[in-house]
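Q: Before anything else, here's the structure in question.
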Amino acid sequence: MSTSDAVDREVAWLTASGDGLPALLASSGGPWGNVQAYQPRTPGKRSTNVFVLRRQIHEKRFAHVRRMATHEFVLKMVWPLSSGQGIAEADQRAFDVAVDKLLQRIGGLVGDKSHGGRFRSVAENPEYVIVRFTDPEQTLSVGEFHGEITYYADDFEITG
């Protein structure tokens, strides 16, 4: 098992739909216009974006030839002022709803925290997910809200 495709595996889970969890992509009825692996050089403006990044890999050895990687995922969220109402509060509320759907998707299905078998477990070790919102005063001048979600995924054992 390679650690190099972990971000792509997580994006595949986040962009899936029709499995009983909220769809995230607008093309499937969700709130996000774009969910993609890695931060592009010039991100699209005026669109709702989630960029899936990996901040760290922790590799734990627990036997002579067995080890397991834990990935620290960071979802960078960009939510533009786009309600058309000219009311920043309405856009912040819509951002909260979109973040909630993202959290439901990260939480996974009841009884399956492996994101459809893509990992050993996600958001279970440690057993928390952190959401940080950037102060709107810092981002309103560019017409958008920002936030970040951090969580961990345990990968399959590596032998060798």
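Q: Can you pull the Rg over Rh of the stretch 6-65, Cα-only, Kirkwood?
A: Here Rg/Rh amounts to 1.13.
Q: Also, I was wondering about something else. At a temperature of 4 °C and a viscosity of 1.567 mPa s, determine how fast the stretch 43-109 diffuses translationally according to Stokes-Einstein, using the Kirkwood radius over alpha-carbon pairs as Rh; express D in µm²/s, rounded to the nearest whole number.
A: In µm²/s, the coefficient is 88.
Q: Just the number, please: percent antiparallel of the DSSP beta bridges in the chain, rounded to the nearest 5.
A: Around 85 percent of the beta bridges assigned by DSSP in the chain are antiparallel ones.
Q: Could you rank TYR151, TYR128 by how accessible they are, 1.4 Å probe, largest area first?
A: Reading off the accessible areas and sorting them downward yields TYR128, TYR151.
Q: Still on this structure, please answer the following. Which value at 222 nm does the chain reach when only helices count, each DSSP H run of 4 or more adding -39,500 (n - 2.57), with the total divided by all residues and rounded to the nearest 500 deg cm²/dmol?
A: -6000 deg cm²/dmol
Q: Okay, next question. To the nearest Å, what is the center-to-center distance of the stretch 111-145 and the stretch 1-59, using C-alpha atoms only?
A: Each part reduced to its Cα centre gives a spacing of 11 Å.
Q: Here's a follow-up. Under the rule of at least 5 residues apart or a separate chain, name every residue whose amide H is placed under 5 Å from the amide H of ARG54.
A: For ARG54, the qualifying residues are VAL74.
Q: Okay, next question. Rounded to the nearest whole Å², what accessible area per residue is found for the stretch 33-160 with the 1.4 Å probe?
A: With all protein chains present, the stretch 33-160 gives 55 Å² per residue.
Q: Ordering ASP154, ASP5, ASP96 by how much accessible area each has at a 1.4 Å probe, largest first, what is the list?
A: The ordering from most to least exposed comes out as ASP96, ASP5, ASP154.
Q: Under a 10 Å cutoff between Cα atoms, tell me which one of GLU144, GLU59, GLU127 has the largest fluctuation in the Gaussian network model of the chain.
A: Highest fluctuation among the options: GLU127.
Q: Can you compute log10 of I(q)/I(0) for the chain with the Debye formula, treating each Cα as one identical point scatterer, at q = 0.16 Å⁻¹?
A: Relative scattering, expressed as log10 I(q)/I(0), comes to -0.90.
Q: Roughly to the nearest percent, how much of the accessible area of the stretch 36-159 is carbon and sulfur, given a 1.4 Å probe?
A: Ligands and nucleic acids excluded, carbon and sulfur reach 49 percent.
Q: Which residue fluctuates the most in the chain, going by a Gaussian network model with Cα springs under 10 Å, if the choices are HIS58, HIS115, HIS71?
A: HIS58
Q: What is the Å³ per residue value for the convex hull set by the Cα atoms of the stretch 94-160?
A: 120
Q: Compare THR42, THR134, THR15 in a GNM of the chain, Cα atoms joined below 10 Å, and give the one with the largest fluctuation.
A: THR42
Q: Also, I was wondering about something else. Using the Karplus curve 6.51 cos²θ - 1.76 cosθ + 1.60 with θ = phi - 60°, what ³J(HN,Hα) values do you get for each residue of the stretch 123-136, in whole Hz, with x for Gly and Pro?
A: 6, 10, 9, x, 8, 9, 10, 10, 10, 10, 9, 6, 4, x
The values are calculated or read from the model by the stated rules, or taken from the named source; none is laboratory data. What you see is a predicted model, and the numbers here were worked out from it, not measured in a lab. Accessible surface areas use protein heavy atoms only, side chains included; no ligands, DNA or RNA. Shrake-Rupley method; radii C 1.70, N 1.55, O 1.52, S 1.80 Å.
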